[in-house]
Amino acid sequence: MTVTPETKKKVVLLREQLQKAGYAYYVLDEPIMEDTVYDKLYRQLQDLEAEYPELVTADSPTQRVGDKPASRFTAVRHNIPLYSLENAFNSAELAKWQTRWQKQIENMPEFNYVCELKIDGSAIALTYEDGILVRGATRGDGVTGEEVTQNIRTIRTIPLKLSLNNPPAKVEVRGEAFLPLDVFAAINQARSKSGEALFANPRNAAAGTLRQLDSKIVAQRKLNFFAYTLHTDGTQQKIDSQWESLEILQQMGFLVNPNRKLCASLAEVEAYFQEWDTGRKNLPYLTDGVVVKVNDYQLQQRLGFTQKFPRWAIALKYPAEESPTVVKDIIVNVGRTGAVTPMAVMQPVQLAGTTVQRATLHNSDRVTELDIRVGDTVIVRKAGEIIPEVVRVLKDLRPDGTVPYQMPTSCPECNSALVRPQDEAVTRCINSSCPAILRGSIIHWASRNALDIRGLGERIAILLIKNSLVHSVADLYTLTVEQIASLERMGTKSAENLIQAIAESKNQDYDRILYGLGIRYVGSVNAKILTENFPTIEELSQASFESIEAVYGIGEEIAQSVFEWVRIADNRTLIKQLQAAGLKFVSSQSTLDSVAQSQQVLAGKTFVITGTLLSLKRSEAQQLIEQAGGKVTGSISKKTDYLLLGEDAGSKLAKAEKLGIPQLNEAQLLELLNN
Ligand code: IVH
């Protein structure tokens, strides 16, 4: 395969980025990116080099374990190198690893794996002579680290003397130094108060703390340590497996992570991985994956090491919710309220399982604060349901010749001047006939919780506006099959379907109509409350501000917004047109019923219960849910809203996870009910 100049450039760029990041992290002790980010860039380079071996150079970051350590502490050479671990990001990669190592073994014996949590901290090596701690060192580049014995002695969970009667002459213990989350938060809080730079994450804070010159400060920082590797000279006791060595470490007085498990198959490994994807959220420290180790030492020995990794272990990582990418463009999006939102258009990246190419920059203040520019490498984050956002710009990686981004002064859609009220962060287009605002209004009107018009999405909305067929949502009800069929990529059949869907929407309930109008602050729930208290649009239009605000659940902002909206002449005309088209601005009994229901906190929500609950019986939990208007069913489906999760949950949990169904524990359920 020939290498394109683009690929070459990419490889050179990745290498530069990784080199800079490695230098900043290892030598300067001032990390410029998080390690999930580093991992990703590293992986990209690794993949490219695997595909084009001719691009591999001796100085590539993939060709060595790490960068040179800084020289502030005494350098020490590790007797046995501290290897790092190969990463797997999914089951296929895990299976591939198993196939690979098993190929190496003739006459495969029975075997099992030890699964351990991958603690997101900093690896250290401890040397004990005749049972006494004589040296503690950082990992460094794996071959040479730094002597930080004084600092390590401050870690309370590291015994200064092994609790063994007849200790071997020499023992080496490895493990992870880490900062518990609460300690990390307290450190950053204190740093923020005293104006010091904050640590990006507990991992960097732990690494930085280990390399603190003043061990008094280290002692205050309350580092902790989980031991996971034991090397002895074998004079006292022969150890046969990783599992056994973890037990011995515990006997020696070390803190060993209790959440370990022996697994006989990859299926069991994956179940452990899944279990801890949920479980890790409740741990007081960070884990970024699971380490899978072949248990038997003899088997480990037969497998040995590659240049960098043991062949008998692998790290199965949880998907990163943050990732680096490059900004290709910065655009602004005009929403249905006229709000102008700057957005970064990026090289597509995988984030928590989805491909992301756009991320919000929120508003112009945020743009200024980030100083984001086209060409920048940025960190994007996607957490849960939240729209992806740019969290950070890696300024060290900024190419030459970039220019600061300027927010436009006129609307990209209608060219009218944008305004920014003094006390607001939002920039707006205030031209009520701006096509972007109209487009947003139509999409909102047709959306699922509003008039629910199937087939009317962004593409059709754009075409309807472009062809001057629609100037307000009321015009939707005057459209003909012929008009729609004449639009780009629309046949008669789909035009008929759309006309049908629009006609059916005339029968939607009043509360959906009110929500569909897109009055500021009026969401589905507020719309229901308003239609219950003002069962006709006439009553709402004539209501005083005070009487709207007096409604339980309606605050001042909403009341003000509604009160003003119904007084605008264009809005009154719109209502008249919609009424003429056959839409009913009157509460039906069914709406009133559903309002009564909506005041029950779990109305319409379907629960599935799994596992053993701590304080409630299942029947009691079910009763509580039903009293609050919810429903309990026996099996998980797409319609399930929540999984109530007890101890020892089984297959329902796996299924819920697959479908992305949110989970609640008992405490969270009770909290929901109390709200
Ligand atoms: S075993 C040869 N076990 O992960 C064995 N490492 O990405 C190598 N880590 O450098 C390490 N928890 O800092 C092992 N339970 C665990 C671990 C663990 C965290 C870290 C360690 C290592 C890195 C590899």
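Some values worked out for this structure:
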{"quantity": "Residue that is nearest to LEU669 (Cα to Cα) [pool: residues in the stretch 605-629 that are hydroxyl-bearing (Ser, Thr, Tyr) and out of contact with any strand residue (DSSP E or B) (no Cβ under 7 Å at 6 or more places or on another chain)]", "calculated": "SER615"}
{"quantity": "Among (1) part of a loop (DSSP other than H, G, I, E, B); (2) small (Gly, Ala, Ser); (3) away from the ligand (no atom under 12 Å from the Cβ) - the single one ALA137 does not satisfy", "calculated": "(1)"}
{"quantity": "Hey, ILE443 in contact (Cβ under 8 Å) with a residue 40 or more places away in the chain, assigned to a helix (DSSP H, G or I) and under 40 Å from the mean Cα position of the chain (by Cα) or not", "calculated": "yes"}
{"quantity": "Of all residues in the stretch 295-312 being assigned to a loop (DSSP other than H, G, I, E, B) and surrounded by 16 or more Cβ atoms within 10 Å (Cβ to Cβ), the one that is farthest from the ligand (Cβ to nearest atom)", "calculated": "ASN295"}
{"quantity": "Looking only at the stretch 32-53, and only at residues there that are closer than 12 Å to THR7 by Cα and in contact (Cβ under 8 Å) with a residue 24 or more places away in the chain, the one that is farthest from the chain's Cα centre (by Cα)", "calculated": "TYR52"}
{"quantity": "The stretch 140-178: number of residues that are assigned to a loop (DSSP other than H, G, I, E, B) and small (Gly, Ala, Ser)", "calculated": "4"}
{"quantity": "Leading residue by the ranking (farthest from ASP365 (Cα to Cα)) among those in the stretch 422-438 that are within 33 Å of the chain's Cα centre (by Cα) and assigned to a loop (DSSP other than H, G, I, E, B)", "calculated": "ASP423"}
{"quantity": "Tally of residues being in contact (Cβ under 8 Å) with a residue 60 or more places away in the chain and either part of a helix (DSSP H, G or I) or among the aromatic types (Phe, Trp, Tyr) (or both) across the stretch 519-534", "calculated": "6"}
{"quantity": "Condition met for ALA315 (assigned to a loop (DSSP other than H, G, I, E, B), small (Gly, Ala, Ser), within 24 Å of ASP35 (Cβ to Cβ) and within 16 Å of the ligand (Cβ to nearest atom))", "calculated": "no"}
{"quantity": "Residues satisfying the stated conditions in the stretch 625-661, i.e. assigned to a helix (DSSP H, G or I) and in contact with a Phe, Trp or Tyr (Cβ under 7 Å, 6 or more places away or on another chain)", "calculated": "ILE625"}
{"quantity": "Filter pass, LEU249 being part of a helix (DSSP H, G or I) and either under 36 Å from the mean Cα position of the chain (by Cα) or modelled with pLDDT of 85 or more (or both)", "calculated": "yes"}
{"quantity": "Count - residues of the stretch 465-475 that are within 18 Å of LEU574 (Cα to Cα) and either among the polar types (S, T, N, Q) or within 39 Å of the chain's Cα centre (by Cα) (or both)", "calculated": "4"}
{"quantity": "Candidates ASP423, ASP396, filtered to the one that is in contact (Cβ under 8 Å) with a residue 12 or more places away in the chain and farther than 30 Å from VAL470 by Cα", "calculated": "ASP396"}
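Residue by residue, here is whether (1) in contact with a Leu (Cβ under 7 Å, 6 or more places away or on another chain); (2) in a strand (DSSP E or B); (3) closer than 21 Å to THR138 by Cα holds:
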{"position": "ASN188", "(1), (2), (3)": "yes, no, no"}
{"position": "PHE199", "(1), (2), (3)": "no, no, yes"}
{"position": "THR209", "(1), (2), (3)": "yes, no, yes"}
{"position": "LYS238", "(1), (2), (3)": "no, no, no"}
{"position": "GLU244", "(1), (2), (3)": "no, no, no"}
{"position": "LEU262", "(1), (2), (3)": "no, yes, no"}
{"position": "GLN274", "(1), (2), (3)": "no, no, no"}
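The values are calculated or read from the model by the stated rules, or taken from the named source; none is laboratory data. This is a predicted model, so every value here is computed, not measured. Methodologically, a virtual Cβ is constructed for each residue, glycine included, from the backbone with ideal geometry; neighbour enumeration extends over all protein chains shown.
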